[in-house]
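Written out below as structure tokens is the structure these notes cover.
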Amino acid sequence: MGVLITDHNVRETLDVCERAYIVNRGHLIAQGTPQEILADEQVKRVYLGEEFRL
């Protein structure tokens, strides 16, 4: 079963996900496990910010 969560509360959202898909300006920029998402340099630059920590 798939569930779409559109939320900007990253910590809680990634805590309940097995996989995540990050979309920026209508384009998929990353997909993977929460750990892969948090390690992705483009996700950090575009969405999370360089200083983001869990």
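Laboratory data are not the source of any read-out in this text; all were calculated from the coordinates shown. Since the structure is predicted, the reported quantities are computational estimates derived from the model, not experimental observations. Cβ: placed from backbone, ideal geometry, glycine included. Neighbour counts: every protein chain shown.
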Would it be correct to say that I37 is part of a helix (DSSP H, G or I), free of Cβ contacts under 8 Å to residues at least 24 places away in the same chain and in contact with a helix residue (DSSP H, G or I) (Cβ under 8 Å, 6 or more places away or on another chain)?
yes
Quick one: count up the residues across region 9-35 that are more than 21 Å from R53 (Cβ to Cβ) and either touching a Pro at 6+ places or on another chain (Cβ under 7 Å) or aliphatic (A, V, I, L, M) (or both).
2
